[in-house]
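The values are calculated or read from the model by the stated rules, or taken from the named source; none is laboratory data. Bear in mind the structure is a predicted one, so any value in this text is a computation, not a measurement. Backbone-built Cβ (ideal geometry, glycine too); neighbour counts: all protein chains shown.
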Amino acid sequence: MKHLIVSIIAFFAVATGAANAATPAQLAEVQKPVEQVFEVPGYNKAQIYDAAKVWIAENFRSAKAVMEYENKDEGTLIGNGLIAYPCKGAFECMGKPDWKVRFTLRIDTKDDKFRLTFSNINLTWPAAYGSGIATPAHDGPIHSKKDREKISAALLLFGPGIQAALGKAKADDNW
């Protein structure tokens, strides 16, 4: 019985993040915005802005629901997104089938480049009950460096997607 209680306490600590308690400095590091500048030589600000809008429309369920702010003169798009947690492998994905990543996406465009900034990055998952153990729902900031690295890598893949949209737009000009 003693081992069962210790196991339940250990499981609950891991599920709630208490086992991996981080210092305020560590939490600040994993919760800071993700940012990267992408070079797109030969494209002006308006072309990049338009391609980014098209890419958002093609890659999110509802671009109108995603977009919060659009200003073509400034070359700025701001919206809210939701993606599946970027797990790899059957074992890891089996344990996180309903995990989602919510974020704010900002795209700033200039001639020959654009910057992606992801902020307000949160993990969310529903409450679960299995093998007699309840796990509470979660909707809050990232707490682990491992999750931060996986999520950052997945979000930064948006950049090459937008770059490809620019190339596609140029190719579609001669249809």
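Here are the numbers:
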read-out	value
Filtered residues of the range 136-149 (kept if in contact (Cβ under 8 Å) with a residue 60 or more places away in the chain and either farther than 21 Å from THR23 by Cβ or touching a strand residue (DSSP E or B) at 6+ places or on another chain (Cβ under 7 Å) (or both))	PRO136, PRO141, ILE142, ASP147
Cross-chain or 6+ apart pairs with Cβ under 9 Å, the range 17-28 first and over 13 Å from LYS146 (Cβ atoms) and of a type in the set (Asp, Glu), then exposed (fewer than 13 other Cβ atoms within 10 Å of the Cβ) and modelled with pLDDT under 50	none
Qualifying residue in the range 70-77 (condition: within 16 Å of ALA57 (Cβ to Cβ), modelled with pLDDT of 95 or more and surrounded by fewer than 17 Cβ atoms within 10 Å (Cβ to Cβ))	yes
Enumeration of residues in the range 124-175 that are among the aliphatic types (A, V, I, L, M), crowded, with 18+ Cβ neighbours inside 10 Å and at pLDDT 95 or above	ILE151, LEU155, ILE162
Residue within the range 85-97 that is of a type outside the set (S, T, N, Q), out of contact with any Leu (no Cβ under 6 Å at 6 or more places or on another chain), surrounded by fewer than 15 Cβ atoms within 10 Å (Cβ to Cβ) and modelled with pLDDT of 90 or more present	no
Total residues in the range 34-59, condition assigned to a loop (DSSP other than H, G, I, E, B) and either of a type in the set (Gly, Ala, Ser) or modelled with pLDDT under 95 (or both)	1
Out of ASP98, ASP147, ASP139, sole residue that is farther than 30 Å from LYS45 by Cα and assigned to a strand (DSSP E or B)	ASP139
Unique residue being farther than 19 Å from TYR43 by Cβ, touching a residue at least 24 places away in the same chain (Cβ under 8 Å) and not in a strand (DSSP E or B) when the list is SER152, SER119	SER152
Hey, LEU27 at pLDDT below 50 and assigned to a helix (DSSP H, G or I) or not	no
Residues being within 18 Å of the chain's Cα centre (by Cα) and among the β-branched types (Val, Ile, Thr) - total across the range 45-95	4
